[in-house]
Amino acid sequence: MSELIRTRFAPSPTGRLHLGNVRIAVFNWLFTRHHGGAFVLRIEDTDVERNVPGAEEALMGDLRWLGLEWDEGPDVGGVHGPYRQSERGHLYQEALAALLDQGEAYRCFCAEGEGSEETRRYPGTCRSLDREEAAARAEKGEMHVVRLRTPEAGTIEIRDEVRGDITFPASDIDDFVLRRADRRPTYNFAVVVDDVTMAISHVIRGGGHLSNTPKQALLFDAIGAPRPRFVHLPNVLAPDGGKLSKRHGAQGVEALRDEGMLPEAIVNYLSLLGWSHPEEKEVLTRDELVAAVDLDRVRASEMAYDPDKLRWVAAQHLARLPLRAVVDGVRPFVDRSRFPLSDPALGPAMEALRSRLSAFGEVNDHLGFVFPQDGAAWDELRAALRRDPEGQEVLREAHASLEALEGWDREGVRTAFKEAGRRTGARGPGLFHPLRKAITAAESGPDLGWICVALGREEVLHRLEAAMVA
RNA sequence: GCCCCCAUCGUCUAGUGGCCUAGGAUAUCGCGUUCUCAGCGCGAAGACCGGGGUUCGAGUCCCCGUGGGGGUACCA
């Protein structure tokens with residue numbers, strides 16, 4: 001594609017972004033970056049009653065956090081601004097005047113909802129009203145809307161980049177409203193004027209808009225502007241196959257962010273919904289996605305959101321992070337009130353349990369391996385250990401070896417355990433089980449060597465002593 | 001009601017008429033590695049919605065049905 005690629009993401013500020021919305025932004029962004037185009041953020045706030053205060057900032061915050069930077073938008077400006085529909089009234093006005101002038105649109109004085117029950121279409125009552133007369137009535141303040149003069153017969157052909165050519169019967173599309181009685185533009189009208197004036201080349205949006213497309217195509221034609229390429233991404237369904245919505249299966253970006261999930265992982269997972277890598281690779285970095293994502297491998301069929309796979313992708317990304325990054329990522333999430341973990345201990349602790357994380361916020365679910373909580377259960381375990389002569393022997397010898405240890409690292413600790421094993425004749429579970437129980441109060445868990453390093457010599461010795469017969 | 005879109009393992013998908021006795025991923029289960037769990041490695045089970053065509057040959061093309069989704073607003 002040699003033309004200038006310009007795309008847009010146009011959310012309404014009615015709430016936080018959820019995975020369904022964000023996926024649209026992800027494709028727009030990926031596609032645009034792939035082609036070196038410009039990505040525009042436009043706020044569709046025409047419906048004043050539905051606007052939620054602060055939603056615009058929140059939504060921009062979510063997008064930025066995901067790394068989906070826009071080149072033009074309400075906060076960064078741009079030559080095609082303003083970027084809020086509420087501030088673009090004059091553009092709609094101008095476009096409307098031109099349409100009225102050319103006879104492409106006409107004033108309609110009918111009462112709201114007038115139309116036959118059968119077809120549910122507006123019958124075109126005011127279509128043939130005298131233009132001068134209509135203008136005069138409007139001048140006098142008579143309530144009216146403005147409608148587009150649409151073809152009565154024939155077909156409307158549109159091209160969708162993922163589905164190909166689609167034909168709609170023109171008779172199915174009535175003379176729809178462009179401007180309401182209160183003079184606000186309708187959605188379909190505002191969108192087209194915006195896309196034209198912002199020189200959008202590719203309209204990439206949810207499949208739900210496919211049915212709006214013939215109307216919008218007609219509007220582009222009426223305005224005399226070339227139609228953009230239409231790209232309708234298949235809809236995302238809830239995990240159970242039903243409709244995805246905030247209250248049904250849709251995760252909010254905010255929630256995932258609060259959980260400490262890697263934004264790159266979210267972008268990666270979302271990219272896999274409806275698109276596939278030519279070599280079927282699934283774990284991809286942002287750069288790899290930008291390099292690979294294009295329209296030719298986008299599917300047309302809808303699909304379900306799968307939280308399990310999201311988790312898996314996230315875990316894969318996390319696993320590829322250097323330890324340093326895991327430690328930094330996890331640090332703000334550690335519940336210090338429950339886990340007396342010193343900062344230097346974070347490294348070994350993460351070595352021990354990073355493989356079970358898919359998001360940083362999950363640390364607290366696993367730190368219990370290092371800092372057991374249940375005192376009563378631990379006491380029982382210790383008591384049982386004290387009644388076990390072989391276990392006692394292991395504990396005693398391990399304690400001695402550990403105490404004599406020069407430094408305090410994983411290899412040293414493991415060597416000390418093995419020495420204790422050699423001296424007592426205990427091997428395998430016979431050796432590690434009593435140690436693990438004494439140190440972590442659990443029968444299973446992460447690598448004991450790393451846990452010991454994280455706990456420090458003093459604490460480990462202390463725990464061993466607590467489980468030994470005095 | 002009418003219009004439009006969609007249809008491969010539970011889920012995400014590969015597949016563009018013969019390479020498909022349908023491949024990969026996830027989830028599930030088993031084995032191995034490991035003190036154990038997680039991870040990792042290996043393996044098992046698991047799908048072309050139904051019916052008609054077209055063709056020497058159909059998951060792939062056409063039609064009908066069924067199911068799901070969207071639209072039919074002075075909502076977006």
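Each value in this text was obtained by applying a stated rule to the coordinates, not by laboratory testing. Small disclaimer: the values here were computed from a predicted structure and weren't measured. Neighbour counts are summed over all protein chains in view; Cβ atoms, including those assigned to glycine, are modelled from backbone coordinates with ideal geometry.
In summary, residue A:403 fulfils each of the numbered conditions (1) away from RNA strand B (no atom under 16 Å from the Cβ); (2) in contact with a Leu (Cβ under 7 Å, 6 or more places away or on another chain); (3) free of Cβ contacts under 8 Å to residues at least 12 places away in the same chain with the single exception of condition (3). Take the residues in segment A:124-147 that are within 11 Å of RNA strand B (Cβ to nearest atom) and of a type in the set (A, V, I, L, M); name whichever of them is surrounded by the fewest Cβ atoms within 10 Å (Cβ to Cβ). This residue is A:143. Specify the residue that is farthest from RNA strand B (Cβ to nearest atom); the eligible residues are those in segment A:285-299 that are in contact with an Asp or Glu (Cβ under 9 Å, 6 or more places away or on another chain) and outside any helix (DSSP H, G or I). Within segment A:285-299, the match that is farthest from RNA strand B (Cβ to nearest atom) is A:285. Residue count for segment A:406-453, restricted to those that are without any contact (Cβ under 8 Å) to a residue 24 or more places away in the chain, outside any helix (DSSP H, G or I) and more than 12 Å from RNA strand B (Cβ to nearest atom): 3.
Taken across segment A:172-189, residues that are more than 9 Å from RNA strand B (Cβ to nearest atom), part of a helix (DSSP H, G or I) and under 33 Å from the mean Cα position of the chain (by Cα) do not occur at all.
Filter segment A:241-273 for residues that are in a loop (DSSP other than H, G, I, E, B), free of Cβ contacts under 8 Å to residues at least 60 places away in the same chain and near RNA strand B (Cβ under 9 Å from one of its atoms) and give the result. Result: A:242, A:272.
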